[in-house]
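Enquirer: Below you will find the structure I want to go over with you.
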Amino acid sequence: MLRTVPPFRADHVGSLLRPPELREARAKRASGEISAGELQAVEDKAIAAVIAKEESVGLRGVTDGEYRREFWHFDFLAGLDGVETYEGGPGIAFKGGVTKSVALRVYDKIGYSGHPMIDHFRYLKAHTKETPKLTIPSPSVLHFRGGRKAVPESIYPEMEDFYHDLAEAYHHTVQAFAGAGCRYLQLDETNLAYLCDPEQRQMLRDRGDDPEKLPGIYARMINRAIEGRPADMTITMHLCRGNFRSMWIAQGGYEPVAQILFNEIGANGYFMEYDTDRAGSFEPLRFVPKGKIVVLGLVTSKTGTLESKDDLKRRLDEASKYLDLDQICLSPQCGFASTEEGNVLAADEQWAKLARIVEVAEEVWG
């Protein structure tokens, strides 16, 4: 029952804690002490090392740890034509803290004319003997956080044109990744999970968005983004409720979006946060059709406490009441470093959790 194609029985979301030498190099680059080329050399070395570590732990899907990124989402989106980051924008508010003051805005028509992460993927692919996995934010991310305020009416008088251009830019990007050899691509889709939280839904209403319509809008963008991909290219989606320095944003079970998530979006698999009660019960898994895979995020990336094998097996058994065990895999609920600051745990605790996931997967499905 061990899977030979992604997602794998023992898998992970993507980001990993940055080593001290990489964080130091990024700080030096920000202050102008080293060049972009010198930073890239440090990144290359750190990524080669973390790939080897992932392989030694037993992971079949290998990422670059998102080591070249400052944020899990901003770096990718700012690589699209017409989108930029800017300093002094509103930070993202979590329960207990706020990110640094960086934000996104649309300054021109959105398009695709190449993307630096194509080369990032090529480096990853060239340095692993396992399956290279690439993670990028879902197209919904550019809309959900800033809403209409981040999309000037002078550029897009009609929001439908914005959604169209964004989906087309993503479509061309996905095709480019496929052309570079990517066969395991993950869209990080936090916002469908946020739409399960009454507080987040009210925030959207207050600013003029309709939380009942957004899931359909986001689904159409995602489907266009991945349309026409190679038959052997696996697309997964990752859903979580916020992850920054071990803090969170949203709560609420998946029931409000389960039907559209599993049956109207053409993804092959879903990485789903399930490490706390904030994610609700396993009942929404009853909507998952045959042929799709759910990777249960039962291991938390927010603390260093190592989950017991018995507890993980018990929860897998609970989930199997709603979805066949053959359609289930195991992972952390999110990455360990959605931003370069990383979550509040040690590197050896991170690796112990990933090793535990591999161990349990082998015992359950091996």
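The values are calculated or read from the model by the stated rules, or taken from the named source; none is laboratory data. All values derive from a computational prediction rather than experimental measurement. Glycine gets a Cβ as well: all are built from the backbone with ideal geometry, and neighbour counts include every protein chain shown. With ligands, DNA and RNA removed, areas are computed over all heavy atoms of the protein, side chains included. Shrake-Rupley method; radii C 1.70, N 1.55, O 1.52, S 1.80 Å.
Enquirer: Only one of (1) among the polar types (S, T, N, Q); (2) under 21 Å from Ile110 (Cβ atoms); (3) in contact with a His (Cβ under 6 Å, 6 or more places away or on another chain) is not met by Thr190, so which one is it?
Expert: Going through the list (1) among the polar types (S, T, N, Q); (2) under 21 Å from Ile110 (Cβ atoms); (3) in contact with a His (Cβ under 6 Å, 6 or more places away or on another chain), Thr190 breaks only (3).
Enquirer: Okay, moving on. Can you name the condition, by its number, that Tyr218 falls short on among (1) touching a Ser or Thr at 6+ places or on another chain (Cβ under 6 Å); (2) within 30 Å of Val344 (Cα to Cα); (3) hydroxyl-bearing (Ser, Thr, Tyr)?
Expert: Of everything listed in (1) touching a Ser or Thr at 6+ places or on another chain (Cβ under 6 Å); (2) within 30 Å of Val344 (Cα to Cα); (3) hydroxyl-bearing (Ser, Thr, Tyr), Tyr218 misses just condition (2).
Enquirer: Same structure again: Please verify whether Arg224 is in a helix (DSSP H, G or I), open to solvent by 30 Å² or more (accessible area, probe 1.4 Å) and in contact (Cβ under 8 Å) with a residue 40 or more places away in the chain, treating the condition exactly as stated.
Expert: yes
Enquirer: Report whether or not Val344 is open to solvent by 30 Å² or more (accessible area, probe 1.4 Å) and touching a Ser or Thr at 6+ places or on another chain (Cβ under 6 Å).
Expert: When the stated conditions are applied, Val344 passes them.
Let's see how each residue does on (1) farther than 30 Å from Leu2 by Cβ; (2) not hydrophobic (A, V, I, L, M, F, W, C):
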position	(1), (2)
Glu24	yes, yes
Val42	yes, no
Lys45	yes, yes
Gly58	no, yes
Val62	no, no
Tyr67	no, yes
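Enquirer: Let me ask another. Could you check, for the range 136-148, whether at least one of its residues is of a type in the set (Gly, Ala, Ser), closer than 18 Å to Glu66 by Cβ and touching a Ser or Thr at 6+ places or on another chain (Cβ under 9 Å)?
Expert: Checked against the condition, which is being of a type in the set (Gly, Ala, Ser), closer than 18 Å to Glu66 by Cβ and touching a Ser or Thr at 6+ places or on another chain (Cβ under 9 Å), the range 136-148 yields at least one hit.
Enquirer: Next up: State all residues of the range 1-34 that are over 23 Å from the mean Cα position of the chain (by Cα) and open to solvent by less than 50 Å² (accessible area, probe 1.4 Å); if no residue qualifies, say none.
Expert: Selection gives Ala25, Ile34.
Enquirer: Still on this model: For the subset of the range 273-315 comprising residues that are modelled with pLDDT of 95 or more, small (Gly, Ala, Ser) and open to solvent by 10 Å² or more (accessible area, probe 1.4 Å), which member is farthest from Asp11 (Cα to Cα)?
Expert: Ser281
Per-residue answers, yes or no, for (1) of a type in the set (Gly, Ala, Ser); (2) out of contact with any Lys or Arg (no Cβ under 6 Å at 6 or more places or on another chain); (3) assigned to a strand (DSSP E or B); (4) open to solvent by 10 Å² or more (accessible area, probe 1.4 Å):
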{"site": "Leu104", "(1), (2), (3), (4)": "no, yes, yes, yes"}
{"site": "His120", "(1), (2), (3), (4)": "no, no, no, yes"}
{"site": "Leu124", "(1), (2), (3), (4)": "no, yes, no, no"}
{"site": "Ile136", "(1), (2), (3), (4)": "no, yes, yes, no"}
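Enquirer: Does Glu21 meet the test of being assigned to a helix (DSSP H, G or I) and modelled with pLDDT of 95 or more?
Expert: For Glu21, the condition - assigned to a helix (DSSP H, G or I) and modelled with pLDDT of 95 or more - is met.
Enquirer: Filter the range 160-180 down to the residues that are in contact with a Lys or Arg (Cβ under 7 Å, 6 or more places away or on another chain) and either under 13 Å from His143 (Cα atoms) or not in a helix (DSSP H, G or I) (or both) and list them by number.
Expert: The answer is Asp165, Ala167, Ala180.
Enquirer: Ser113 versus (1) outside any strand (DSSP E or B); (2) open to solvent by less than 50 Å² (accessible area, probe 1.4 Å); (3) modelled with pLDDT of 95 or more: which is the lone unmet condition?
Expert: (2)
Enquirer: Do you know which residues across the range 181-218 are open to solvent by 20 Å² or more (accessible area, probe 1.4 Å) and charged (D, E, K, R)?
Expert: Selection gives Arg183, Glu199, Arg201, Arg205, Asp206, Arg207, Asp209, Asp210, Glu212, Lys213.
Enquirer: Working carefully through the options Lys292, Lys313, Lys309, Lys302, find the one that is in contact with an Asp or Glu (Cβ under 9 Å, 6 or more places away or on another chain), under 19 Å from Asp188 (Cα atoms) and basic (Lys, Arg).
Expert: When all the criteria are applied, what remains is Lys302.
Enquirer: Right, next: Answer yes if at least one residue in the range 252-272 is at pLDDT below 95, open to solvent by less than 50 Å² (accessible area, probe 1.4 Å), within 29 Å of Glu55 (Cβ to Cβ) and outside any strand (DSSP E or B), and no otherwise.
Expert: No; the residues of the range 252-272 include none that is at pLDDT below 95, open to solvent by less than 50 Å² (accessible area, probe 1.4 Å), within 29 Å of Glu55 (Cβ to Cβ) and outside any strand (DSSP E or B).
Enquirer: Then there's this: Within the range 50-73, can one find any residue that is among the hydroxyl-bearing types (Ser, Thr, Tyr), farther than 22 Å from Val174 by Cα and either open to solvent by 10 Å² or more (accessible area, probe 1.4 Å) or modelled with pLDDT of 90 or more (or both)?
Expert: Scanning the range 50-73 turns up at least one residue that is among the hydroxyl-bearing types (Ser, Thr, Tyr), farther than 22 Å from Val174 by Cα and either open to solvent by 10 Å² or more (accessible area, probe 1.4 Å) or modelled with pLDDT of 90 or more (or both).
Enquirer: Of the numbered conditions (1) in a loop (DSSP other than H, G, I, E, B); (2) under 17 Å from the mean Cα position of the chain (by Cα), Ser154 satisfies every one except a single condition; which is it?
Expert: In the conditions (1) in a loop (DSSP other than H, G, I, E, B); (2) under 17 Å from the mean Cα position of the chain (by Cα), Ser154 misses (2) alone.
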